[in-house]
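Okay, structure first, notes after.
What follows draws every value from the coordinates through simple rules; no lab data is involved. If you're wondering where the values come from, they're calculated on a predicted model, not measured in any experiment. Cβ atoms come from the backbone with ideal geometry, glycine included; neighbour counts cover every protein chain shown.
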Ligand code: C2E
Ligand code: CA
Ligand code: CA
Ligand code: CA
């Protein structure tokens, strides 16, 4: 038994050595990715649950690594966060998303608000408000064209600071959403004090619709909660007509998911989503 334990330890420390080396290599490459123009944004449409009309887009970060190919954000965002690189990267995301929407507007395509994801480090950055103002000014778009998404776990940290930051962003006129809603433990009284516009129901609950009564109960109560607080709801990860009809019947206002549109590069988004939405 002793030997087995030793082997197991040896195995884990070898595995973690390799992981550390890989993470360091990725961190080094990520440091250069911005300058080498390897970061991209893909866009995913957001739609009215009843009419099917396009109501917005979420910008999702992609890293086109010269050797590794397309690296998933699930893989490199944590590295960007732990290394501090998320701040310049997040700033690039916000500027690029607004620049892109302005370019679509200039090309005569429909203009819809664009949502960008904020990391904890960005949200804590005392310069965030100034960055938002500068990015809006550079794009010439009105503040209502930008939505900032913060995850429920970020929103739950340090409530007084969060409430003050959200208020100061809200006063600029940007929209605010709580991402991955339902995975944390937001209290009613806290949500009431947070001036956000909508809750994004986490896709882990949407997946269970029509199969898991627990997930259906959670989704139903989030929609009810949002309604009573005057917030909009958007369901993420909607893949089937059955999920959509449940959500529509329960009064969820917006949906995002493979059923309607996958995240896609800007050219494809313009062709397949924006052009299709033009009157
Ligand atoms: P998220 O913000 O919750 O984004 C939704 C994720 O669900 C995206 O994964 C999207 O591609 C995926 N998705 C959309 N519709 C469906 C569907 O119908 N079914 C399924 N199974 N998945 C769907 P993605 O693009 O891999 O991004 C993963 C996460 O990385 C995001 O989760 C977000 O937390 C983070 N992320 C992405 N871009 C950024 C960014 O610019 N900044 C920061 N801080 N985080 C980002
Ligand atoms: Ca998001
Ligand atoms: Ca989410
Ligand atoms: Ca269950």
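Determine the equivalent ellipsoid of segment 116-208 by diagonalising the alpha-carbon gyration tensor, then write out the semi-axes as square roots of 5 times the eigenvalues, largest first, rounded to whole Å. Mind showing how you got there, number by number?
On the way: eigenvalues 106, 46, 26 Å².
So the three semi-axes of segment 116-208 are 23, 15, 11 Å.
What nm value, rounded to one decimal, do you get for the distance between residue 183 and residue 144 when each label is placed 7 Å out toward the C-beta?
Between residue 183 and residue 144, the label points sit 3.1 nm apart.
Binning every alpha carbon pair distance of the chain at 5 Å from zero, what are the percents per bin?
1, 5, 11, 15, 16, 16, 14, 10, 6, 3, 2, 1, 0, 0, 0
Using a ≥ b ≥ c from the Cα gyration tensor of segment 161-269 (square roots of the eigenvalues), is it rounded, prolate or oblate, where a/c under 1.5 gives rounded and otherwise the larger of a/b and b/c decides, a/b for prolate?
Here segment 161-269 falls in the oblate category.
Taking the Cα-to-Cβ direction at residue 74 and at residue 23 and moving 7 Å from each Cα, how far apart do the two end points lie in nm?
1.8 nm
I'd like the distance separating the alpha-carbon centroids of segment 68-114 and segment 158-209, in whole Å.
21 Å
When only Cα pairs under 8 Å and 6 or more residues apart are kept, what is the percent relative contact order across the chain? Show your work: numbers first, answer last.
Numbers: 418 pairs, mean separation 51.5, N = 279.
Reported as a whole number, the value is 18 percent.
If you bin every alpha carbon distance in segment 61-101 into 10 Å steps from zero, what whole percent lands in each bin?
P(r) for segment 61-101, in whole percents per bin: 27, 50, 22, 0.
Classify segment 38-190 as rounded, prolate or oblate from the Cα gyration tensor: take a ≥ b ≥ c as the square roots of its eigenvalues, call it rounded if a/c is under 1.5, otherwise prolate when a/b beats b/c and oblate if not. Walk me through the numbers before you get to the answer.
Working: a/c = 1.36, a/b = 1.09, b/c = 1.25.
Cα axes put segment 38-190 in the rounded bin.
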